[in-house]
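> Below is a structure I'd like to ask you about.
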Amino acid sequence: DKSIPNGYLSFSYERNVYYNDNLITVSISYNLPFARTNVSATHSNNNFSVYEAAQGSLAFGSGNNYIHASNNSSISRGGISLYPFLDLNGNGIFDKGEPMVKLTNVKIMGANPVYSKKDSIVRIPDLNSFVSYTVEFSDNDLDNIAWRFKKKTYSVLIDPNQFKRVDIPIIVVGEVTGRMYMKNDDIIKGTGRILVLIYKKNNDTPIAKILSESDGYIDFLGLPPGEYVARIDPAQLSDLELTADPPQREFTIKTSVQGDIVQGLDFTLNKKE
């Protein structure tokens, strides 16, 4: 036996003294991208025979006219086609005009995702039918810090002899920055550890909290497109006997592929008279 790239070569010789017979066998096995092949030839007692075999499959239907080739049989097996896209309007539906996102890492137990260079569809072939597979994503695998997976875990039940399409919405979040100042005897300087609450417009439940840095700097990344209101925590203002100027600031995170940035979320704190 001799190993060769993508296969092996075998040669055997047998001498039967009792029957005065010689048996010679030559065999070669080679793995193609879409099939396992084997050819063997045997010569014995002036008889010559050849054996040929091949096993493999071509799987269609995963999107964009892609054909998945495998040297295993795909009969009664299924697959998943993942369509990651930027959900610019936030409705969770892959709408016309929303661009796809190229992924390089998808976690799924017992399978090997296929990342195509021609498109952004992630294909996961050769899966067992009627089995639920868990597919996991991480925001750290995205190219833009402003992109976030709307859901990070999916459970997909596999149907036989087909690829199941699963749309993966990715939202684009915005960033807001500003400064927190303290005014004392006409001296204004940055102040830290002041809590700023972010609300959706016309909603009294805060969706985010920002604590100012020691120099008064305020920064938060993670707001989906929409209209917001920022206020300093009223309980903290009461405890410190301070007032805020202005009492609140309204701002809008716009829809953007790269993520919107809103600056100027500034507040000045004054001692109560």
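> Using R₀ = 35 Å, calculate the FRET efficiency as 1/(1 + (r/R₀)^6) where r is the Cβ-Cβ separation of ASN144 and ASN31; round to 0.05.
Here the calculated transfer efficiency is 0.35.
> Count the lysine pairs in segment 177-246 whose Cα atoms lie under 27 Å apart, taking only pairs 8 or more positions apart in sequence or on different chains.
Value for segment 177-246: 4.
> In straight Cα distance, which lysines are under 24 Å from LYS107, not counting same-chain residues fewer than 8 positions off?
Result set, ordered by chain and number: LYS117, LYS118, LYS150, LYS151, LYS152, LYS164.
> Can you check what the Kirkwood hydrodynamic radius comes to for the chain, Cα pairs only, in Å to one decimal?
Here the Kirkwood hydrodynamic radius works out to 24.3 Å.
> If you don't mind, another one. Whole Å is fine, so just give me how far the alpha carbon centre of segment 155-179 lies from that of segment 93-150.
8 Å
> Can I ask one more? Could you do me a favour and compute the accessible area per residue for segment 19-172, 1.4 Å probe, result in Å²?
Dividing the accessible area of segment 19-172 by its residue count gives 58 Å².
> Taking all protein chains as present, what is the carbon and sulfur share of the accessible area of the chain, in % to the nearest whole number, probe 1.4 Å?
Whole-percent figure for carbon plus sulfur exposure: 49.
> Less than 12 Å from a label point 7 Å out along the Cα-to-Cβ axis of SER129: which backbone N atoms in segment 144-162 qualify, by residue?
Output list for this probe position: 158-162.
> If amide H atoms are built 1.01 Å from N in the plane of the peptide, which residues on other chains or at least 5 residues away come under 5 Å of the amide H of VAL114?
ARG123, ILE124
> Which trypsin sites (Lys or Arg not before Pro) in segment 1-107 sit in a loop by DSSP (not H, G, I, E or B) and have at most 12 other Cβ atoms within 10 Å of their own Cβ?
Answer in residue order: LYS96.
> Oh, and also: What does the convex hull of the alpha-carbon atoms of segment 142-212 project to on average, in nm²?
Its Cα hull, projected and averaged over all orientations, spans 8.8 nm².
> 222 nm [θ] for the chain, helices only, -39500 (n - 2.57) per DSSP H run of 4+, per residue, to 500?
Rounded to the nearest 500, the figure is -500 deg cm²/dmol.
The values are calculated or read from the model by the stated rules, or taken from the named source; none is laboratory data. This structure is a prediction, so every number in the text was calculated from the model and none was measured. Using ideal geometry, Cβ is built from the backbone for each residue, glycine included, and neighbour counts are taken over all protein chains shown. The area values use the complete protein model at the heavy-atom level, side chains included, leaving out ligands, DNA and RNA. Shrake-Rupley method; radii C 1.70, N 1.55, O 1.52, S 1.80 Å.
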